[in-house]
1. Residue by residue through segment B:316-349, note down the ones that are surrounded by fewer than 20 Cβ atoms within 10 Å (Cβ to Cβ) and either aliphatic (A, V, I, L, M) or in contact with a Cys (Cβ under 8 Å, 6 or more places away or on another chain) (or both).
2. Cβ-Cβ below 8 Å, separation at least six or inter-chain, first residue in segment A:146-173 and more than 7 Å from chain B (Cβ to nearest Cβ) and on the phi > 0 side of the Ramachandran plot, second surrounded by 14 or more Cβ atoms within 10 Å (Cβ to Cβ) and not in a loop (DSSP other than H, G, I, E, B): which pairs?
3. If a residue has to be away from every other protein chain (no Cβ under 13 Å) and within 24 Å of residue B:375 (Cβ to Cβ) to count, how many in segment B:395-444 make the cut?
4. Go through (1) of a type outside the set (Gly, Ala, Ser); (2) in contact with a helix residue (DSSP H, G or I) (Cβ under 8 Å, 6 or more places away or on another chain); (3) more than 22 Å from residue B:118 (Cβ to Cβ) and name the single condition residue A:187 misses.
5. Could you grab me the full set of residues in segment B:476-522 that are without any contact (Cβ under 8 Å) to a residue 40 or more places away in the chain and within 24 Å of residue A:111 (Cα to Cα)?
6. Tell me yes or no: at least one residue of segment B:453-469 is over 31 Å from the mean Cα position of the chain (by Cα) and not in a strand (DSSP E or B).
7. Applying the selection to segment A:506-546, what residues are more than 24 Å from residue A:488 (Cα to Cα) and either under 28 Å from the mean Cα position of the chain (by Cα) or of a type in the set (A, V, I, L, M, F, W, C) (or both)?
8. Considering only residues that are in contact (Cβ under 8 Å) with a residue 40 or more places away in the chain and of a type in the set (Asp, Glu), look in segment B:544-586 and name the one that is nearest to residue B:383 (Cα to Cα).
There are 2 protein chains.
Amino acid sequence: MAASAPSSSASSSSSTGGEADPNTTNLRPPGSSYDAWCGVAHGCTRKLGMKICGFLQKNNSMEERTRMVTSFKERTAKNLQLTCDDNMGGDARFKRSENDFSNLFARDLLPAKNGEEPTMQFLLEVVEILTNYVKKTFDRSTKVLDFHHPHQLLEGMEGFNLELSEQPESLEQILVDCRDTLKYGVRTGHPRFFNQLSTGLDIVGLAGEWLTSTANTNMFTYEIAPVFVLMEQLTLKKMREIVGWPDGEGDGIFSPGGAISNMYSVMIARYKFFPEVKTKGMTAAPRLILFTSEHSHYSIKKASAALGLGTENLILLKTDERGRVIPADLEAKVIEAKQKGSVPLFVNATAGTTVYGAFDPINEIADICEKYNIWLHVDGAWGGGLLMSRKHRHKLSGVERANSVTWNPHKMMGVPLQCSAILVRERGLLQGCNSMCAGYLFQPDKQYDVTYDTGDKAIQCGRHVDIFKFWLMWKAKGTVGFEQHIDKCLDLSAYLYNKIKNREGYEMVFDGEPQHTNVCFWYFPPSLRSIPNGEESRERLHKVAPKIKAMMMESGTTMVGYQPQGEKVNFFRMVISNPAATMSDIDFLIEEIERLGQDL
Amino acid sequence: MAASAPSSSASSSSSTGGEADPNTTNLRPPGSSYDAWCGVAHGCTRKLGMKICGFLQKNNSMEERTRMVTSFKERTAKNLQLTCDDNMGGDARFKRSENDFSNLFARDLLPAKNGEEPTMQFLLEVVEILTNYVKKTFDRSTKVLDFHHPHQLLEGMEGFNLELSEQPESLEQILVDCRDTLKYGVRTGHPRFFNQLSTGLDIVGLAGEWLTSTANTNMFTYEIAPVFVLMEQLTLKKMREIVGWPDGEGDGIFSPGGAISNMYSVMIARYKFFPEVKTKGMTAAPRLILFTSEHSHYSIKKASAALGLGTENLILLKTDERGRVIPADLEAKVIEAKQKGSVPLFVNATAGTTVYGAFDPINEIADICEKYNIWLHVDGAWGGGLLMSRKHRHKLSGVERANSVTWNPHKMMGVPLQCSAILVRERGLLQGCNSMCAGYLFQPDKQYDVTYDTGDKAIQCGRHVDIFKFWLMWKAKGTVGFEQHIDKCLDLSAYLYNKIKNREGYEMVFDGEPQHTNVCFWYFPPSLRSIPNGEESRERLHKVAPKIKAMMMESGTTMVGYQPQGEKVNFFRMVISNPAATMSDIDFLIEEIERLGQDL
């Protein structure tokens, strides 16, 4: 235990990080209340108690004690003594220490000499802030957000000043900043936060992220991330098995998000068919065409721009009224592109579109891709999670025929941000496409099997550890736990759909039960219901969702997204991935929309 | 306080998350030891105490109490009672609860009914693991790593099994997994970890990461990350001021690492000169040429491959013997490219090369870029931090003439991974280059000033919050704190250089004091010192660094990098960015190299 090492038993709270006054050492008055206090402190928790005792043994003059006991310990001490040892003479001596972080600075923390005590106190204080936040996040009487406009926050809120300065601020101010940052933020884990595809606050995932940041390492080599590198390999293999590739064969990597994962897929497809582009650039290839649905995520378009293909060479495919690609349109456009002398390179099939939650018919698309020798990518950033559900995975039927798959556990599976995987059926392509063999990282003459140094597959160099929280959640929930979560979310969206499909004032954006948890609908305030369909009605309806959303945010009660789509005016898009949401929260959302929209 | 809400005062430790047996409610025997226990518990910490008391008031039969008190509280209770209340009848009743996490599962945590107590206990247990890890990380008697080969970890170490399974594991196992993950990892914050450019464990940065994961939000809109979006803007502005752009004008974004930041710079340069590439692809541009030093980071090459320019169109520039670009070589190659009908697009000047730590002469390069109208990017991923130091920032003299700058606070400034900024002098380019105006995120009809929705500038969609830890560290240290850290690291590297430059058995890879903290040297074991220079000597020397490194890792005492460079055989590259390192650690490294290399 470090607690028994000499370096850890002294402490300091002076602002300059100075040591305890040597004159006071070993001057404890015989028979003082020190022993009683220490015995009590010892009881608080075994480890904290030992720490406090060690600390007092070194710093036992009254003055020193007063200076050094910080608020966390002080509360402990004060409460303990009131309970157990009223003979200690009240709490006067501890009074000053309520403010002790005001005399502590970052420079007093580890690795500073005697920095262990303040470090532990500071971290525990932070944890108290965080655990309080966690508790309140799940408490429906807490607001989802406390909305302020940018100029308000920039002007500074009651001592919360965002400006950076030359001189350090005390740890007390830092703790205030932590509290305020959370106060003015948005509780994405709140049971009534439905605004994005990523919602919820998984406790095991959170613990995993805390550990990840404490380990603070980098995925590029086994050398400095042995456990995480192996976890990534095993987890990717498991995901490939679930996709349906034999024995989980293939390759993959975790990337900083679905957009980057989708970008990988285009890069790999290009490398597969035109590997010389890597060295010679796009001039070495004919005109390459990408295909994706008009409902697909904009990251495919971002990738076509970034990678030098050009957004005009991304052909948008027609969808049916539920947002699913019409395969005949794909084939027609493939033929058309070929007739123009272009080369159809890549088709993206979306498994779970962003707005409608639609699943493109993968098998029919795969038939066309096989016929014309085109790379098939499945963007399952949002819908990939349904592969974990025996009940719902049929929606991705044919995914095993894809050449690559994007799957974001940070969306439907509730893993904290960021956690996105790109899976590739053919081994070696990722490496071939991206490797540059940097000598300073990927030395071939290491003592271990360097095939575990997977960093050269990435377009990144340093790469954040995104795997641990996911691995830990999988351990903690089991595959069945993810399945239950997904089934529950889909049940909830069915509940919402059934609740509003025939309800007065509502109109569904598309007919039929949604494929994913996306429920898209218009709400007509009473004043609009009597107006005949037409331009005036459309214009007024277009303004309803933004107005209700603004009022929601200002009252802080719930959050849900809205947008127009094609010719359709603004509608609400409800999505459910939050494990904390229940039917009562769905009911609340509807009540809230009606309450706020009543008089529009 | 949530603690006083009805939902938080009950608890459960049963594996199924069941509620307390209603039959036991309010059946507390009068005069039982409940009051004494509660009074004591109350003393532990104010909040924990209240929680425990609330919990006992609701669940006060002996059986319930026994079932529900988990190990964290149990230790508290046991110690307290031993100290303060020996009449309570010993600790027999609490015995079972040492193992209570074995009956708790992820499904028992929040948002489960009665999940608050187990959640708090679980998180506190995790924090205990993490704070112990933090303490040991700074303790020099702790190993830097406990090395195992991949096959050993894959086979499973004493109950640490990496395989994922169908069924959930208990929280006790999850806690074991957390401990083991740290045990078999690498302590990148250890004072003797010198292996990468990113080292150290900053306590305030760590607290910032813990908060970031607890907030678990996404940078794409002000709507869901109001505080973080503003912090990013203010911090980027401050960085641009430090770069030297008037009033900090310009643009920028935090990206998932230096490689992506460098990729941004190439994309933006291309967009500035050939905006039609965005829509039409690379065929709309002439042959574009990029220039970078042969010592520059491999991410420039990765970018040229990914973006469709081709690695052959990346021209490597000659350097002097210290690894700095020779400007005359740049000009000659620019002229040559133009003569061949290509268009010189982009020059990367490195501020702090990866291996030598060299700073390219930015002003001389900027003169050439201005003369030929070429985009100048400065890759200060590693060396950018020196801008914070009045003593060392002259090494980046001319950086204010750059069109874009990469600067990774997660390297020299000790910010936890990931934290990398791309700064752009001209406003609007990032947006123009990358925006796709996704309607579901960037609605123009929001109630707030939507110019704060910065997500469309990114090539990502979801984007991790990398700013908060950095902002918090800046608040806590002040600009002066970063300066002190940087000056100290450079002093330490000067100390190392002076120690070994004339020491027997050492040879410097290049002459003169290093510009950055990189100290590159060969160590000749005694057996090699008498061998004349030649092929045999080279071959044997080439094997020395890998062998010593392997022994270092197996003994776990320290870690330092090595690599070959060009014609030069393997040499050690020492880098110092770790705030915990002292002269004694430098001395230790040298002793260790000599101890391990003695008999080679």
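The values are calculated or read from the model by the stated rules, or taken from the named source; none is laboratory data. Not measured: the values here are computed from a predicted model. Don't worry about glycine lacking a Cβ; one is built from the backbone with ideal geometry, like all the others, and counts go over all protein chains shown.
1. B:316, B:326, B:328, B:332, B:335, B:343
2. A:159/A:176; A:159/A:180
3. Final tally of qualifying residues: 21.
4. Unmet condition: (3).
5. Listed by number, the residues that qualify are B:478, B:480, B:481, B:484, B:491, B:494, B:497.
6. Scanning segment B:453-469, I find no residue that is over 31 Å from the mean Cα position of the chain (by Cα) and not in a strand (DSSP E or B), so the answer is no.
7. Within segment A:506-546, A:522, A:524, A:528, A:531, A:541, A:544, A:545, A:546 meet the criteria.
8. Going through the qualifying residues, I end up with B:585.
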